[in-house]
Amino acid sequence: MNTDFIKYQAQTSPYPLGMEVSHAIGSYIYDTNNKKYLDFVAGVSACTLGHQNKRVNDAIKNQLDKYSHVMVYGEYSQSPSVAFCKLLAEQLPEPLKKTYLVNSGTEAIEGALKLARRTTGRSQLISCHNAYHGNTMGSMSVMGFEERKQIFRPLIPDVDFITFNNEADLEKITTKTAGIILETIQGGAGFIQPENDFLKKVRQRCTEVGAMMIVDEIQPGFGRTGKLFGFQNYDVVPDIVVMGKGMGGGMPVGAFTAAPEMMDLLSHNPKLGHITTFGGHPVIAAASLATLQEITETNLMTEALEKEKLFRSLLVHPLIKEIRGKGLMLAAMTEHAEITNEVILKCQDRGLILFWLLFEGCAIRITPPLTVSEEEIREGCAIILEVMNEVMAKQITLV
């Protein structure tokens, strides 16, 4: 299968991991040799409830038996998408009560950027250095990593950048600014949390100058940080919330939420201000609804913080300089990218799936499903420590 994978399917890197997947259940993925791998990545934070979650699967199957795609977004009233948006509104603070459903996180970013410009009548957008918000042209324009986007220029104009957690940079947000977009926890940069009420200060500055505060919850969202959304940890309410990944329980989806009077602007002057054919797809919406119900009706969010403590207590090793992040959005930081690479690859050989972060080469991504058990955490951490001991022993031998 790998030969055809390379030959017929476009690749994103020269050296894909190439696991030939047979099936997945719970916290484990199985290859075609029936070797099982404990999944500490969850499809890069997408499989919130693990693999083959019964509630999600049943919702998908039940909806498939009723109808699938029937009309482009926003024309017909369809129960799964309406129920999801209503339940989401009940979980969010005022005025975040109206949601636009799309197909992916990067598409949601595009919609949010357009909404900020439509609401304010301004053009300037501000993002953060080392930010990642997706890979379409608009999303790439607010990506703060020049190496990844230089070859695709020109991108959309009038975009400026600040440094995350740098209060002095907030002066760049002015009456010319349509919106500032930032991750509540910087993902690709190394799971960096806001410090010294940084998000509150961004909120205050945006309010002063009439700019929109857009928070990207594509990675932190849907319970991963102990709250439904990361911004809820920091006593701040943004103007626009962008979501994706874990929202669909493993299905492809995205959305952005704002005040009704803002969102309604996309319906006129011009009409069809933002459109999508498959956004709000009933099968995907059913999976998203089931995921949101499971997160909000159980103790998974509280348990995420307890599981964070367990990870931190177990992952103590000379090769680990620090553990960054919050809840089950964690990164174990090593001193060199070479160590990180070796640990990730050796752990996969031992049956543990870890992964990299986009811009921080020293980070080992640890983002398991929220449903991961304490026993599974101990199992995975034991493998990490065993591999690190081998890596360290080799380094000592070489010296």
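If R0 equals 56 Å, the separation of the Cβ atoms of E20 and E208 corresponds to a calculated FRET efficiency of about 0.55. Distant-in-sequence amide contacts of I162, defined by a placed amide H-H separation under 5 Å and a gap of 5 or more residues or a different chain, comprise S127, C128, H129. Hey, what do the phi angles of segment 33-44 turn into as Karplus ³J(HN,Hα) couplings, whole Hz, using 6.51/-1.76/1.60 and θ = phi - 60°, x for Gly and Pro? Here the 3J(HN,Hα) series is 9, 6, 7, 9, 10, 6, 9, 9, 10, 6, x, 6 Hz. Taking GluC sites (Glu not before Pro) as exposed when their DSSP state is a loop state and no more than 14 other Cβ atoms lie within 10 Å, the longest site-free interval of the chain runs over 196-334. Compared with the direct C-alpha span, the chain from R350 to Q91 gains 89.2 nm at full extension, assuming 0.36 nm per residue.
Amide hydrogen proximity for H23: with H placed 1.01 Å from N in the peptide plane, the residues at 5 or more positions away or on another chain lying under 5 Å are Y30.
Each label point was placed 7 Å from the Cα along the Cα-to-Cβ direction; for K176 and V70 their separation is 4.9 nm.
Rounded to the nearest 5, what % of the DSSP beta bridges within the chain are antiparallel ones? Just about 60 percent of them are antiparallel. Rounded to the nearest 20, the Cβ-based charge dipole of segment 120-237 about its Cα centre (Lys and Arg +1, Asp and Glu -1) stands at 240 debye. Summing charges over neighbours of Q91, with a neighbour being any other residue whose Cβ is under 11 Å away from its Cβ, gives +2 when K and R count +1 and D and E count -1.
Summed over the residues of the chain and divided among them, the accessible surface reaches 45 Å² per residue at a probe radius of 1.4 Å.
The local environment of Q193, defined by Cβ-Cβ distances under 11 Å, has a net charge of 0 under the rule Lys, Arg +1 and Asp, Glu -1.
Given a 1.4 Å probe and every protein chain left where it sits, what share in percent of the accessible area of the chain is carbon and sulfur? Reported share for carbon and sulfur atoms: 53 percent. Sparsely packed loop sites in segment 274-355 (the chymotrypsin sites (Phe, Trp or Tyr not before Pro) outside DSSP H, G, I, E and B with at most 10 other Cβ atoms within 10 Å) do not occur. Scanning the chain for long hydrophobic helices, with DSSP H runs required to stretch 30 angstrom or more by C-alpha along their axis and to average at least -0.5 on the Kyte-Doolittle scale, returns 374-398.
Of all lysines in the structure, those lying under 25 Å Cα to Cα from K114, and not within fewer than 8 positions of it along the same chain, are K86, K97, K98, K149, K172, K176, K200, K201, K245, K271. Residue separation of T397 and E261 scaled by 0.36 nm, minus their Cα-Cα distance, works out to 42.4 nm of gained length.
Counting 0.36 nm for each residue step from L385 to N196 and taking away their Cα separation leaves a gain of 64.7 nm.
Could you pull out which residues in segment 375-391 have an amide N less than 19 Å from a spot 7 Å beyond the Cα of Y30, following the Cα-Cβ vector? Residues passing the 19 Å test: 376.
From the P(r) of the chain, could you give the percentage of C-alpha pairs in the tail past 31 Å? In whole percent, the long-distance tail amounts to 38. With a Förster radius of 56 Å, plug the Cβ-Cβ distance of S77 and V316 into 1/(1 + (r/R0)^6) and report the FRET value to the nearest 0.05. E(calc), rounded to 0.05, equals 0.55.
The values are calculated or read from the model by the stated rules, or taken from the named source; none is laboratory data. Just so we're clear, the structure is a prediction, and the values are computed from it rather than from any experiment. No Cβ is skipped: glycine too gets one built from the backbone with ideal geometry, and neighbour counts run over all protein chains shown. Accessible surface areas use protein heavy atoms only, side chains included; no ligands, DNA or RNA. Shrake-Rupley method; radii C 1.70, N 1.55, O 1.52, S 1.80 Å.
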